[in-house]
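Single-structure report; data block below.
Every number in this text was worked out from the coordinates using simple rules, so none of it is lab data. Remember, it's a predicted structure, so these values are computed and weren't measured experimentally. With ideal geometry, Cβ positions are generated from the backbone for all residues, glycine too; neighbour counts draw on all protein chains shown.
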Amino acid sequence: MEIKSYKIDTLGSAMNSITQHLTGLIKTKEAAHLLGVTVQTIKNYIYLGKLKSYKTPGGHHRVLVSDLQELAPIQSIPSREELLEQYDHLYQSYLDTIGALLNALDARDGIASGHSRRVANYACAMGNVLGFPPNSQRTLELAALLHDVGKIMIGEQILGKPGKLTDQETYIIRQHPEMGERIVGEVDFLRDTKPFIRHHHERFDGKGYPDNLSGEGIPLEARIIFIAEAFDSLRSDSSYHRSLNFKEALSEIEQGAGTQFDPQILKIFIENVKKGSMNEMGLSGGSVSFNNGQRAHVV
Ligand SMILES: [Fe+2]
């Protein structure tokens, strides 16, 4: 099956459609398209009991592709391999688009370009070490890439301000996890990243924000992203500080064990960074892997 090129604004629905095909459930509109009949005909099939319908939490009908196949031989349903190929292609397009936007965002934040991508690299490498299944790994990658997307709503005069921030400016900056959560909540494909973006500044001791969650009450993905973000920020020049060298950054981050950061996750992070199996990636981006040979996709 030929891979189509989708416009950005239709990428989301295309991704959702492919995901639905892979789970075997599709929308009535797509079922109608596959059978070459109208949506009303599909609805009539459902009402007459010719087709079993499954309902989403929002009350929308979904039908099984295999049921459609029994109803009429469908030549045009792509194979699982073709769907996976399309899914991969669309996923990469998504990452490219998100990556381009985030580079612009990093620049506004006054830190070295590629921060979001490097945080995603670290997070993915951690996901590999911790044995995350592919779906969770993908969500972790997206959440890490987009962790600071809420800063898009904050003015450059605050984001790029050299030196100390006032209390009010600090208050505004601290809104970015919630703003980020709201932004990704608008996109179906990104919805699973919401809690990880919302909680990526929660501290292990409960003194973080926005909800003062503590310990394992903080989603694991958010605890990982917090460490990755902190480490990369220490390694990068920013409006607030000069960049630390590798050793300095490690010793600085170690100070936060048990207070800012989950001590166990931090230990694993530091062990792997020290081993060099999670390479430093310099500031050039690219893929990174820990020991198991799986590679983290990056933009
Ligand atoms: Fe952040």
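A few remarks follow.
- 28 Å Cα-Cα threshold exceeded, pairs from Lys164/Lys267; Lys164/Lys274; Lys27/Lys194; Lys194/Lys275; Lys194/Lys267: Lys164/Lys267; Lys164/Lys274; Lys194/Lys275
- Set of region 205-229 residues, backbone N closer than 19 Å to the point 7 Å along the Cα-Cβ line of Gln255: 205-208, 226-229
- Label sites at Ser79 and Ile46, each approximated as a point 7 angstrom past Cα along Cα to Cβ, lie 3.1 nm apart.
- Only alpha carbons enter this Debye calculation for region 81-275, each as an equal point scatterer, and the log10 of I(q)/I(0) it gives at q = 0.11, 0.12, 0.13, 0.16 Å⁻¹ is -0.48, -0.57, -0.68, -1.05.
- Neighbours of Ile42 by Cβ distance under 10 Å: Lys/Arg scored +1, Asp/Glu scored -1, total +3.
- Burial order of peptide ranges 116-123, 33-40, 60-67 (average beta-carbon count within 10 Å, highest first): 116-123, 60-67, 33-40
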